[in-house]
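Only one structure is covered here, and it is reproduced in the block below.
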Amino acid sequence: MIDKGLRIPKYSLGTGDRFAHQANAQLQACVNALEAGIEVIPVWNKSNREHTIIGSEPASTRAAADAAVSRLGWRLPYFVDADHISEKTVDRFLATSDFYTIDVADFIGKSPAQSDVDMFVRSHSSLVGEIFLPGIDEAFCISEENLRGTTTKFLAAVKEAGVVYRKIRSVKGAGNFVIEISIDETDCAQTPAELLIILAAVAAEKIPIQTIAPKFSGRFNKGVDYAGNVAQFERELTLDVAAIAYAIEHFGVPGNLKLSVHSGSDKFSVFPAIHRAITRFGAGVHLKTAGTTWLEEIIGLAEAGGDGLALAKEIYAEAVAHREELCAPYSTVIDIDATKLPCPDAVQRWSSEEFTSALRHDPDVAAYNPSLRQLLHVGFKVAAKMGGRYLNLLDAHQAVIERNVTENLWQRHILPVFLGLIGRQVTTLHPIF
Ligand SMILES: [Zn+2]
């Protein structure tokens with residue numbers, strides 16, 4: 001298996017920048033981490049769906065990333081991720097991305113050729129029986145029936161990932177880009193044993209996968225905390241990390257293969273579990289965030305008061321008016337209680353403080369309103385329609401917005417996930433440990 005060429009380092013943070021205005025502030029969070037002694041590599045991700053809604057081109061993501069890297073003097077690697085692409089949507093990303101998240105969730109459960117299943121099961125008979133994972137007390141018990149069933153369920157998806165990988169390779173050349181495979185946007189979580197078999201299939205397909213995004217149990221709603229059984233999540237995540245270590249040792253997948261946690265922003269209650277699992281195995285992780293940054297833009301505008309606060313209120317009112325249309329594409333990843341949404345007329349009278357307390361993700365603040373936050377999370381289309389009016393206010397209130405963007409990624413994400421620190425109000429660029 002190819003184990004050279006462009007490599008994603010151990011710790012990385014996916015950042016989404018819907019309107020291509022926050023790359024400096026996002027990168028500053030990684031600079032803070034570096035100054036605190038830990039390398040967290042930025043990966044700017046934007047999906048085809050986001051580009052379509054905003055009306056932007058992938059080249060703009062690359063341009064914003066390059067400009068931020070040059071402005072802040074960032075000397076470590078960084079990447080631009082063609083997020084959740086497929087064979088049909090990858091083309092427009094071929095020139096400017098060097099990280100590809102190949103989404104094959106739609107192919108899960110599609111029947112592969114019986115001969116392919118037979119061949120895979122025959123050539124992977126060593127997976128049948130007890131598999132002892134490094135660093136784990138228990139063993140996976142995989143019967144031939146399990147192996148056949150899992151292969152039947154996932155082989156078509158892995159083969160499709162191979163098709164997309166080879167399409168990218170034919171243009172960019174082997175080793176010049178990072179491959180992630182995502183299977184998170186599906187109904188059922190994959191078990192760690194399924195992940196192990198999927199990785200065996202990925203290796204057999206000769207895809208030099210560096211990150212994989214499974215679906216975990218529990219709900220990973222957009223921009224709010226994890227909803228589910230935290231202990232079960234931790235057990236599953238730990239086994240997934242161990243399964244990856246096994247795959248690296250036995251299947252010949254690249255040695256830096258790591259988990260990618262999608263919709264990873266704001267999952268405060270599972271961040272300690274992620275930190276424990278990766279440190280226990282010396283493993284890496286890619287934490288993907290996206291819309292959490294756009295919400296900090298709104299928070300910054302509201303905090304600025306005046307025309308900023310007025311625009312934040314207008315966006316909320318529009319989002320309420322178009323709630324169903326905005327929520328429809330995200331129905332499986334949001335959980336809004338419409339009865340908890342304050343009426344736009346009441347919001348119209350809010351102060352900056354009232355607006356930011358409702359929106360900012362601080363579970364200790366009584367006024368924090370997850371329903372309002374999720375609605376605004378999917379409401380970026382409203383701002384996109386405002387065009388220049390929105391972008392001009394981003395420029396006008398740049399300082400306050402940037403402060404919120406950086407603080408959110410640094411304090412609420414990088415510190416707990418990569419440094420294992422929670423609840424610390426670190427406001428200096430030089431935290432003391
Ligand atoms: Zn995803």
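The values are calculated or read from the model by the stated rules, or taken from the named source; none is laboratory data. What you are looking at is a predicted structure, and each value in this text was computed from that prediction instead of being measured. Neighbour counts run over all protein chains shown; Cβ positions are idealised from the backbone, glycine included.
Could we say that Arg235 is farther than 23 Å from Ser86 by Cβ, more than 16 Å from the ligand (Cβ to nearest atom) and of a type outside the set (A, V, I, L, M) here? Outline the logic, then answer.
Values: farther than 23 Å from Ser86 by Cβ: yes; more than 16 Å from the ligand (Cβ to nearest atom): yes; of a type outside the set (A, V, I, L, M): yes.
Yes: the conditions hold for Arg235.
In the set Gly175, Gly135, Gly162, which member is farther than 30 Å from Asp17 by Cα and either of a type in the set (Gly, Ala, Ser) or not in a helix (DSSP H, G or I) (or both)? Explain how you work it out, then say what you get.
Working: Gly175 fails: farther than 30 Å from Asp17 by Cα; Gly162 fails: farther than 30 Å from Asp17 by Cα.
Selected residue: Gly135, the only one of Gly175, Gly135, Gly162 that is farther than 30 Å from Asp17 by Cα and either of a type in the set (Gly, Ala, Ser) or not in a helix (DSSP H, G or I) (or both).
Go through region 255-269 and count every residue that is crowded, with 22+ Cβ neighbours inside 10 Å and within 16 Å of Ala283 (Cα to Cα).
Residues of region 255-269 crowded, with 22+ Cβ neighbours inside 10 Å: 257-267.
Imposing the further condition that a residue be within 16 Å of Ala283 (Cα to Cα) reduces the set to 257-261.
Adding up the residues that qualify gives 5.
Look through Ala358, Ala383, Ala346 and report the one residue that is surrounded by 15 or more Cβ atoms within 10 Å (Cβ to Cβ) and free of Cβ contacts under 8 Å to residues at least 24 places away in the same chain. Break it down into steps so the answer makes sense when it comes.
Working: Ala383 fails: free of Cβ contacts under 8 Å to residues at least 24 places away in the same chain; Ala346 fails: surrounded by 15 or more Cβ atoms within 10 Å (Cβ to Cβ).
From the options Ala358, Ala383, Ala346, the qualifying one is Ala358.
Here is a list: Phe154, Phe140, Phe177. Which entry is at pLDDT below 95 and over 30 Å from Arg373 (Cβ atoms)?
Only one candidate qualifies: Phe140.
Identify, from the list Ile209, Ile197, Ile244, the residue that is within 16 Å of the ligand (Cβ to nearest atom), of a type in the set (A, V, I, L, M) and crowded, with 23+ Cβ neighbours inside 10 Å. Please lay out each step first, then the result.
Values: Ile197 fails: within 16 Å of the ligand (Cβ to nearest atom); Ile244 fails: within 16 Å of the ligand (Cβ to nearest atom).
Among Ile209, Ile197, Ile244, only Ile209 is within 16 Å of the ligand (Cβ to nearest atom), of a type in the set (A, V, I, L, M) and crowded, with 23+ Cβ neighbours inside 10 Å.
Kindly indicate the residue of region 23-63 that is hydroxyl-bearing (Ser, Thr, Tyr) and assigned to a helix (DSSP H, G or I) and also surrounded by the most Cβ atoms within 10 Å (Cβ to Cβ) among those meeting that condition.
Initial filter on region 23-63 (hydroxyl-bearing (Ser, Thr, Tyr)): 47, 52, 56, 60-61.
Remaining after also requiring assigned to a helix (DSSP H, G or I): 52, 60-61.
On the way: Thr52: 10, Ser60: 16, Thr61: 26.
By that ranking, first place goes to Thr61.
Can you name every residue in region 70-88 that is surrounded by fewer than 19 Cβ atoms within 10 Å (Cβ to Cβ) and either away from the ligand (no atom under 16 Å from the Cβ) or over 19 Å from the mean Cα position of the chain (by Cα) (or both)? Spell out the reasoning first.
As a first pass, look at region 70-88 and keep what is surrounded by fewer than 19 Cβ atoms within 10 Å (Cβ to Cβ): 70-77, 86-88.
Within region 70-88, Ser70, Arg71, Leu72, Gly73, Trp74, Arg75, Leu76, Pro77, Glu87, Lys88 meet the criteria.
Filter region 161-194 down to residues that are among the β-branched types (Val, Ile, Thr) and more than 16 Å from the ligand (Cβ to nearest atom) and give me whichever is surrounded by the fewest Cβ atoms within 10 Å (Cβ to Cβ).
Going through region 161-194, the residues among the β-branched types (Val, Ile, Thr) turn out to be 163-164, 168, 171, 178-179, 181, 183, 186, 191.
Checking the rest, the ones that are also more than 16 Å from the ligand (Cβ to nearest atom) come to 163, 168, 171, 191.
On the way: Val163: 14, Ile168: 23, Val171: 12, Thr191: 18.
Per the criteria, the residue is Val171.
With the structure loaded, tell me whether Lys222 is closer than 23 Å to Arg122 by Cα, part of a loop (DSSP other than H, G, I, E, B) and not polar (S, T, N, Q) or whether it fails that test.
Details: closer than 23 Å to Arg122 by Cα: no; part of a loop (DSSP other than H, G, I, E, B): yes; not polar (S, T, N, Q): yes.
So Lys222 does not fit the description; no.
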